Every structure is written in C-alpha cells, then in structure tokens.
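S.K.: Have a look at this one.
We did not get these values from a lab; they are worked out from the coordinates using the rules stated. Nothing here was measured: the structure is a model prediction, and the numbers come from that model. Positions of Cβ are generated from backbone atoms using ideal geometry, with glycine treated the same way; all protein chains shown enter the neighbour counts.
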Amino acid sequence: MIQQPDRKQSAQLYEEAQRHIVGGVNSPSRSFKAVGGGAPVFMQRAQGAYFWDVDGNRYIDYMAAYGPIILGHAHPHVTEAICTAAANGTLYGTPTELEITFARMLKEAVPSMDKVRFVNSGTEAVMTTIRVARAYTGRDKIIKFAGCYHGHSDLVLVAAGSGPSTLGIPDSAGIPVSIAKEVITVPYNDLPALEAALERWGDEVAAVMVEPIVGNFGMVMPESGFLEGLCRLTRAHGALVIYDEVIVAFRLHYGAAQTYAGGHFPDHAAIEPDLTAMGKIIGGGLPIGAYGGRRDIMERVAPLGPAYQAGTMAGNPASIAAGIACLETLRQPGVYERMSALSEKLAAGIADGALRHGIPLTINRIGGAFSTHFCDHPVRNYEDAQQTDGEQFALFFRLMLNQGICLAPSKYEAWFLTTAHTDADIDATIEAADRAFSAMK
Ligand code: PMP
C-alpha cells in the first residue's frame, strides 16, 4: 500500500495562492489539472537531484524544471557565476563582453547560426524567428506540426490537427481568427502531408517551424529522411526552415538536434535550418532565449534591418554568466554519456516493471531524456500521443509522487536526467515504479 505523505502545508499554501495568483500557479503546466486536480506540491529547497517540499518530504526530481536544470539544482559552478555576476550589477542596458563570449560558444556548437540574438524566453525566441522569416520572405503564413509546442505567442498557439492539413483553429481564447488563419498544421513525421500543404499554400508560406526532435508530446524522433525531406520541400517553395530547439539544444549532446550524430543524422548539411530558436538549458536555470541563423537573414533584424525586436532584460549579465557556466560544465568529457547511460538503465528498469505487471507502456528514449506513454502502440506523432491512457498516467504520477519521485504532471512531458542523478537514485526509482505498477493492476 502506497500512502500519501503529509502534505498539509502544500495544501494550505495552495488555498492561499489561489486567492492571489491565477489558479495558484504562474504557469498552467504546474497545476495538477491534467492529473486529476488538487494541490500541487510547493517546493521549498532544491539541491542536486533532489527537492524538499514545505512539509519536509524529499523527492528525486525528473522534471529538471521542464528541461533547464540539466546539472541538477544549485550546481556550484553555476551558482558561483550567478553570484559573481549579481555582485557586479545585474543589468546594465549596455553591451557587455560576456555576451560575445557566449554568442561565440553557441555558434561554435551550432554552426548554422552565423549570428545570434539573446532574448528572455523560448517564447520570445520562437516568436521572433517567425517575424524575421516573414520580414525576409515577405510572406505571412507558417506551417507547424500538430502537438509541437513553441511557446505562448499568438501564432504558434495553434495545434489543431485533424485531417492531413488543417487551417488553424486557435488553442487559446484571445487569439484572433485572422491570426490563426495564417497557421497551417500538419502531422509530425508525415512528409506527404507537408508536401500537400506546401503545394496548396507554398507561395504564401514564410517558414516551416518544427521541433527537430520533439519534446512536447513525449520524446519523439524524426523518422529517417523526415528532416531531410522537410528542408528540401520547404526550400523548393521558397520558405525558410526554423528549428525550435528550446528543449533539445544541449540536452542530448554538446550541441543541438541539428548537430546530433550517433547515427541519427549522418548528413548534417541536409538538415540544417535557416533559423534556430533556443532557451532553457542555455540559461543555466535563469531566464533566457536565443535565436540565430544565416547571416543574410539575421541581418534583417534591427538595428541592421527592418524587423524589430528588443528587450530591456535581454543579454542580462546573470543569465549570460549562468549560461556560460552551464555550457562549460556540459562540455567536460563523459557528461552526456553518463546521463544517457543512467537514462537507459532507468527506462529499461521501468519498461521491465511494466511488462512484469502487465501494464502496456511505450517508452521513447533519446539520450538523457525519455517519455512514458501508457499504450501498446508506438508513438510517432501527436495523434499517437493523444491516444495514450491519461488516467493511467495520472495514477502512476501520484503513486510515484507519494514515493518521493517527482515527474511533470502531464502525460505529454518527458523525464529528464541530470548530471546530479546517481545510480542509487535510479535503483530507487525503478523500485518505486515497480510498486506503482503493482498498485495499478
Ligand atoms: N519551444 C519549445 C519546444 C518548448 O518546449 C517551450 C517551453 N516548454 C517553448 C518553446 C517556450 O519556452 P518558454 O517557456 O521559455 O517561453
């Protein structure tokens, strides 16, 4: 029998939070709405791979704050960099040398970016790539893939995707139909659908936007030839290719999905995008976003060009210093291999437990990230992910939480390993999953 530990303080804080903060949370994904509701856990402290909540319960963290915390919480090198930056002034409103250092580091790791710009979130980075693509092509429409999340700006909050290609229906109130009409959604991993959409609207399309490796309906790899075909078809219609690498940049290796080798993309030149958006990990846990790409396209941005984008907080010394410290740590030999080995062991242990207890489970694992889909079919697009059992996931989520294992409260989110997780954490998590599956039968 798995008992719920005492979480009275969290429940009380949730009551209070709801009086002052919409829904009690500052991002809807933090609420427990998708896993049956109730009070989310209020954390008080985090160190390495662990959280402690306000009631004193300890958790092993596999959320990594939805991706950024790849070194675990309060990593000493990052913390020191932030403290040093803060002591020298947190915001200047002038350029600083550190921004050049960091831009160079990103460009070296992701050579398709001739020039970059720092912003404050993944949302901003993506939103701006679209503006730049529109400015460059003089066209208005974009094509995106169903289930890919690109932040909360108007244009990309459209996922609607029944049928091979659908003109946008907004996923949020407050988005004018006139804007949603500029978005065409097609299923991921479906080149014929993309081709059909381009045939129909191609000369109006500014860009095709994609998560080159998906992190937002679980982890999903592009099938062989998908990105190559996407780049070829898009360019044949005079549109730009935009990669949203906000989750995957520096998650799988020291670089982005577009430079990921491991036998996945033998011909990197064939999958190079025109523009790339990043965020999350590159801020070392502080707010950041970045976008970059081909010189002639990026030079359309103000002050060089007519596409306007600005930011009071952009390139702030603390975020930049944290990002540099994070990447310096990730660049050490063996870092990604170790995370991937832990993730492989954990995913195998969980899969084994599910099998033994007769619970259908599909695990999609890529390096130090994986997703657990309660279903007996492969998950290669959003429709597959939608057809997984959300109630089973919710039950599993709570049974794990009650044993001190913290997952993101949504069946669409991934598990993220960090450099702070240990073999003992993995063993404890596999045992907890086994007890959870046993209770679910
Ligand atoms: N793009 C992708 C692929 C994302 O996963 C996210 C956030 N989960 C965003 C963009 C938006 O980033 P942010 O939350 O920093 O605005």
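S.K.: Under 28 Å from the Cα of Lys8, which lysines turn up, not counting those fewer than eight places away in the same chain?
M.R.: Lys33, Lys411
S.K.: With only Lys, Arg, Asp and Glu charged, each at its Cβ (+1 for the first two, -1 for the last two), find how big the charge dipole of the chain is about the Cα centre; round to the nearest 20 debye.
M.R.: 520
S.K.: Among rounded, prolate and oblate, which fits the range 76-330 when a ≥ b ≥ c are the square roots of the eigenvalues of its C-alpha gyration tensor, a/c under 1.5 means rounded, and a/b larger than b/c means prolate?
M.R.: prolate
S.K.: Same structure again: Using DSSP to call loops (not H, G, I, E or B), can you name the chymotrypsin sites (Phe, Trp or Tyr not before Pro) in the range 68-141 whose Cβ has at most 16 other Cβ atoms within 10 angstrom?
M.R.: Of the chymotrypsin sites (Phe, Trp or Tyr not before Pro), the ones in loops of the range 68-141 whose Cβ has at most 16 other Cβ atoms within 10 Å are Tyr92.
S.K.: Follow-up. Quick one: net charge of Ala49's neighbours, Cβ under 14 Å, K/R +1, D/E -1?
M.R.: So the surrounding residues net to -1.
S.K.: If one computes the Cα centroid of the range 212-248 and of the range 384-441, what distance in Å separates the two points?
M.R.: Each part's Cα centre sits 28 Å from the other's.
S.K.: Straight-line reach only, C-alpha to C-alpha below 17 angstrom: list the aspartates and glutamates that Lys345 could link to, leaving out same-chain residues fewer than 8 apart.
M.R.: Leaving aside aspartates and glutamates fewer than 8 places away in the same chain, those within reach of Lys345 are Asp61, Glu337, Asp423, Asp425, Asp427, Glu431, Asp434.
S.K.: Highest mean first, how do 429-435, 252-258, 413-419 rank when packing is the count of other Cβ atoms within 10 Å averaged over residues?
M.R.: 413-419, 252-258, 429-435
S.K.: In terms of modelled amide H atoms, which long-range or inter-chain residues lie less than 5 Å from the amide H of Arg139?
M.R.: none
S.K.: Continuing with the same structure: Which listed residue (Val177, Leu194, Ile242) has the Cα farthest towards the positive end of the charge dipole for the range 168-260, taking +1 on Lys and Arg C-beta and -1 on Asp and Glu C-beta about the Cα centre?
M.R.: Value computed over the given set: Ile242.
S.K.: Grab the range 76-330 and count how many Lys pairs have their alpha-carbon atoms under 20 Å apart, sequence gap of 8 or more, or different chains.
M.R.: Value for the range 76-330: 5.
S.K.: Where both partners of a DSSP beta bridge lie in the chain, what percent of those bridges are antiparallel, to the nearest 5?
M.R.: 60
S.K.: Add -39500 (n - 2.57) for each DSSP H run of 4 or more in the chain, then divide by its residues: what number comes out at 222 nm, to the nearest 500 deg cm²/dmol?
M.R.: -11000 deg cm²/dmol
S.K.: Kirkwood Rh over Cα pairs of the chain into Stokes-Einstein at 37 °C, 0.692 mPa s: D in µm²/s?
M.R.: 146
S.K.: Something else about it: Around Asp296, with a cut-off of 14 angstrom between Cβ atoms, what is the net charge of the other residues, counting Lys and Arg +1 and Asp and Glu -1?
M.R.: +1
S.K.: When the Cα centres of the range 176-203 and the range 1-35 are compared, how far apart do they sit, in Å?
M.R.: Between the Cα centres of the range 176-203 and the range 1-35 lies a distance of 38 Å.
S.K.: Explain nothing, just the number: dipole magnitude of the range 1-63 about its Cα centre with +1 on each Lys and Arg Cβ and -1 on each Asp and Glu Cβ, in debye rounded to the nearest 20.
M.R.: 100
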